[in-house]
Amino acid sequence: MNCSFRKMRGDEYYLLEDFLYEAIFIPPWCDRDVPRDIIYNDPKLYASIENFGSLPDDLCIVAEYNGTVIGAVWARTVDEYGNFDNETPSLSISLYREYRGRGIGIKLMKEMLDLLKSEGYEKVSLGVNKENYAVKLYRKLGFKIIGDGANETEWLMLKSLRQA
């Protein structure tokens, strides 16, 4: 699949609500839907999109296919699930379901990692459910598990962006 990647425009920030909802991991054994209002009822979840674009380190790259945004990866330095410290941006990534499993996510991540490095960041973090298959993807990209995340169901992962 031939996608293009670019920075998200300000008039597209509203899409982050959809992508945040799509990013919520639902284990295969779970037989119920997650209510959409969880985004607004969970302060750490909402922090990843709240007033996006208002902070100097808010960065977002989108994947676009046939003129439609189909995925996004965004970085912020706020108190959200993947937060490591006040200087390290944490990542969130999501693709619409029908575009998963095609290598788009790894390309999105590589684009963001290159951008963060070019912006002078030394490291980047993320939080991921311990059961999420994406843990393997993040490890492949050089993220290391450094311990539990915001709770015992989540890993906190960190990647150095310094030159090797």
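What follows draws every value from the coordinates through simple rules; no lab data is involved. For clarity, every value in this text was computed on a predicted model and none was experimentally measured. Please note: Cβ atoms are built from the backbone with ideal geometry, for glycine as well, and neighbour counts cover all protein chains shown.
Descriptive notes on the structure:
- Computed over the range 80-164, Kirkwood Rh from alpha-carbon pairs, angstrom: 13.2
- Among TYR138, TYR14, the ranking by other beta carbons within 10 Å of each residue's beta carbon, starting with the fewest, stands as TYR14, TYR138.
- FRET efficiency, 1/(1 + (r/R0)^6) with R0 35 Å, evaluated for ASN2 and ASP79 via beta carbons: 0.40
- With neighbour counts taken as other beta-carbon atoms within 10 Å, the residues ASP58, ASP37 rank, fewest first, as ASP37, ASP58.
- As a calculated quantity, the FRET efficiency between GLU12 and ALA150 at R0 = 25 Å, using C-beta atoms, amounts to about 0.35.
- Using R0 = 25 Å, the C-beta based FRET efficiency linking THR68 and LYS136 works out to 0.35.
- Taking the number of Cβ atoms within 10 Å of each Cβ as an exposure proxy, the fewest-first ranking of TRP155, TRP74 is TRP155, TRP74.
- For the chain, diffusion coefficient by Stokes-Einstein and Kirkwood Rh (Cα), 10 °C, 1.306 mPa s, µm²/s: 99
- Among LEU126, LEU20, LEU137: highest mean-square fluctuation, GNM of the chain, C-alpha pairs under 10 Å: LEU137
- The alpha-carbon of LYS130 sits under 13 angstrom from the alpha-carbons of these aspartates and glutamates, leaving out residues fewer than 8 places away in its chain: ASP148, GLU152, GLU154.
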